[in-house]
């Protein structure tokens, strides 16, 4: 061989001898002997060489036998340990990896691979790499590589024929052979995974290096043994895995069965079914299509994922798609490409973007229930095992659904009976039809869990329909809605068809009339049931939703039963329509009455409540029905007993009882004064069923009567005070005048002068007291000018601040936009001071005094004086403005302060009210008329004479006064001052003296009020006779209008009784000295 020649050349050999190495049965090798010279054989060398060859052969055989024995021992030891390792593995993949590692370790293989065969969904047999150990880069295309079992190659052949195939194993030389498509090797063994006559599972493939052949028959046997042990382990692992799988599957299906068995209702069972299917079938969407109520289509009942358009997912039974095929045939259908199926354009799953799916029928072919589906958005194949598991779940679900459907039917029947019983109870216990219909509508709405419910009844004229008893959604918009029947649209259709009609989208339904479309703006779907009667439907019972809803046949049946019961109730009596019309007319009449009309049952519970009652109390009719009238509306226990006695007497005596006045408690806490009378309420059979109580609201009348009585009382007190003041002033006038006269006759050092001064002081104090009485009686003289009441109050507050205790704080609040008032500044200031002093006395421990001046509308100004003092009881408030009434200690008040306030405010055309509670302070509110004047008006004042004046004179004076003491006093006073005085007791006598011309006076002193001719008429007569004569007025009792008229007619001044000599003489002197 060339290799030998190459070696000899390297040795520079000239010649060589080849000696065969002889074994026991064959030549096992060659010994080459090289010479550096040409070889010349000798005769005796032949035997020697043959003996040398035999010796070398024997030595080689011994060495090979020893190596083989040692190798066999190593292999047996390794196989023992491999056997132990394989026996300890119970799962396929770890077992295969263990076998491959052992093969490489024992046989020194470069790579070890296990290839298993399987059948795909198309039925093709494929070989697939299951495990690899020691894979060199690029040797195997991919760890999960698979190829056709019928393809050429060493591996496929060993699997097909069940025999071990090898290449490059001694005594054969290595050469490249294709193991599988794309995979070649020069030294390799492919041992089939088989044993015991069983089917071949695959092959164990071992590859070795391409060096000197180290793989012989022993390695081939070891590889076959390893393959057999691996096959046995795989069968054992597969059996164990199958056992485990079956056990897990049995446990899973047991759980699924229990879960489905625990779901009693159909909806719960379907939801549970989807949840359990997701556990065994990893599809993107799993759900159930159920046969609809009309048995025309499959509709989506539940799914594990909510998608847009689910509410409209509907598969018609006459359409295409795998779901319909599965439902019709009762056999499972799969599709790897839904879009390629016949009728795909009608398949909702295709429209939702799903590509593949499986559809399993539920129920039996004789009684189909629906279809269980699982769909994916990618193409996939469904294995037989998946289909088997899903069919098993579907079988469990079908049984559970049948049971749940039976349970639902029994429960629905029980619910229907319960609903009908409740409706019947309402009809029996509630005599008022409108009330019973409203209660039935509420029962229906709650039972069907609908957004709203109500009745649409045909009126007695058969020309109109009206809504009754609306409950829930948009009930306010539907209440009292009525319309002509010819415009009824959808309602007319239901009545004419006389059968239930359901609408999925009410707003797009052209049959709905415009009034109902507006009233039902929020309603989406509805179910209308006609109310049957002997002469045609009486109306419609309807339920409606704010969303789309499918109404099941059992729901329609249940609502139809309620409609029949309601129709029987409406038809009761005189066919119901006449009753409703009568009730409507009665309600209209009662609501139009100005009186409060309440009908009560014998227990005092409210049966009816007219609109006047609603307006007076603030309660709606439906809020008070069945409530006890006296407990709700009459708070006072005594008045409640009177009312209950009246009602009881009406029931027992069957007659109209006497009137009872009570205070009616309203919703806002206010009270109304109501005068009640009662009449018995009889049934058509004549029995007493209750009482009709009729009440007149006399609140305003009672308030006006109280105000009138108070005004009369105050007017009477004022008149009494004015009369008393007139008498006292005349008496005090005489006392003060005589005292003044006596004082002028006594010298300054005369000890009696002090006594006279005390008499004058006492008379003056009496005069001040009289002035307060006159202010209360509104008989004092006003000096009206436009006043800024806010400025006056602020000035008064500053004036009082120094006299108030430090524990009392004064706060003023004046609205700058307050208009002026026309008033007497002195009197209004006195009013403010009196109220502030009164507040001070009410706060012995201090507090806050608040004065506010605010606009009270465009024509009035409001003055508020508020304190935080002790407050007043109702008893004190009732006497508050009476003269001489006081709750202060003796000596601490005259009782005229608030009387003066009352009189002064009334004199200004205003009102004064008080708000007070014991312990919570007091607030006085004075309301005065505003004025638009801004410039000061004319003043008419009481003229105050100076303390001393030039009062002597010699003129002639005529004194006219009906009071003898005043007339005599004036004469004496004026005579003492040098005047010539003539007197007259009346106006007539004064005119007679002037007519007789016996005495022509230069001035007349005239009493304002006298019997006979007096006042302006007397003044006119004096002026007619003596046009330029000055006149001085004196009066102890006068009215504002009288004094104003006299001064306007030409009288010079007014001197109020009682007066001092200086007051009268000063006025006279000014009048006489004035230019004509």
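Brief remarks on what is shown
- Going by neighbour counts of Cβ atoms within 10 Å, the residues 114, 1032, 299, 189 line up, fewest first, as 299, 1032, 114, 189.
- 5 Å binning of all Cα-Cα separations within region 589-697, expressed as whole percents from 0 upward: 2, 13, 24, 28, 21, 8, 3, 1, 0
- Using the Cβ-Cβ distance between residue 1021 and residue 845 with R0 set to 51 Å, the FRET efficiency works out to roughly 0.20.
- Ranked for footprinting exposure by Cβ neighbours inside 10 Å, fewest first, 619, 979, 39, 551 give 39, 619, 551, 979.
- Extending 7 Å from Cα along the Cβ direction at residue 307 and again at residue 420 yields two label points whose distance is 4.3 nm.
- Relative contact order of region 90-243, taken over Cα pairs closer than 8 Å and 6 or more residues apart, is 25 percent.
- When peptides 632-638, 753-759, 693-699 are ranked by their average number of other Cβ atoms within 10 Å per residue, the highest-first order is 693-699, 632-638, 753-759.
- Taking all pairs of distinct alpha-carbon atoms in region 952-1008, Kirkwood radius in angstrom: 11.2 Å
- Region 998-1076 versus region 265-328: alpha-carbon centroid distance in Å: 115 Å
- Calculated SAXS-style log₁₀ I(q)/I(0) at q = 0.26 Å⁻¹ - region 359-399, Debye, Cα scatterers: -0.91
- Residue 504/residue 701 FRET efficiency (R0 60 Å; Cβ-Cβ; nearest 0.05): 0.50
- Computed over region 420-510, Kirkwood Rh from alpha-carbon pairs, angstrom: 14.3 Å
- At R0 = 60 Å, FRET efficiency that the Cβ-Cβ distance of residue 679 and residue 1072 yields, to 0.05: 0.15
- Remark: C-alpha extents of region 581-649 on the principal axes read 38, 24, 21 Å, sorted largest to smallest.
- Sorting the segments 734-741, 151-158 by their residues' average number of neighbouring beta-carbon atoms within 10 angstrom, most packed first, yields 734-741, 151-158.
- Cα gyration tensor category, rounded, prolate or oblate, for region 430-577 with a/c compared to 1.5: rounded
- Taking 0.890 mPa s as the viscosity and 25 °C as the temperature, the Stokes-Einstein diffusion coefficient of region 782-929 based on its alpha-carbon Kirkwood radius rounds to 158 µm²/s.
- The convex hull of the Cα atoms of region 263-411, projected and averaged over all directions, covers 8.2 nm².
- Taking other Cβ atoms within 10 Å as a rough exposure proxy, 367, 165, 673 sort from fewest to most as 367, 673, 165.
- Mean Cα-pair separation over length for region 263-411, i.e. relative contact order, pairs under 8 Å, 6 or more apart, %: 27 percent
- For residue 2 and residue 755, the difference between the fully extended length at 0.36 nm per residue and the C-alpha to C-alpha distance is 252.8 nm.
- Cβ crowding within 10 Å averaged over residues, with 127-134, 178-185 ranked highest first: 127-134, 178-185
- Residue 644-residue 661 pseudo-label distance in nm [points 7 Å out on the Cα-to-Cβ vector]: 2.3 nm
- Whole-number D in µm²/s for region 297-384 (Stokes-Einstein; Kirkwood sum over Cα pairs; 25 °C, 0.890 mPa s): 188 µm²/s
- Dividing the mean sequence gap of close Cα pairs (under 8 Å, 6+ apart) by how many residues region 782-929 holds gives a relative contact order of 24 percent.
Coordinate-derived values only; no laboratory data. No experiment lies behind these values; they were computed from the predicted model shown. As a convention, Cβ positions derive from the backbone with ideal geometry for all residues, glycine included, and neighbour counts pool all protein chains shown.
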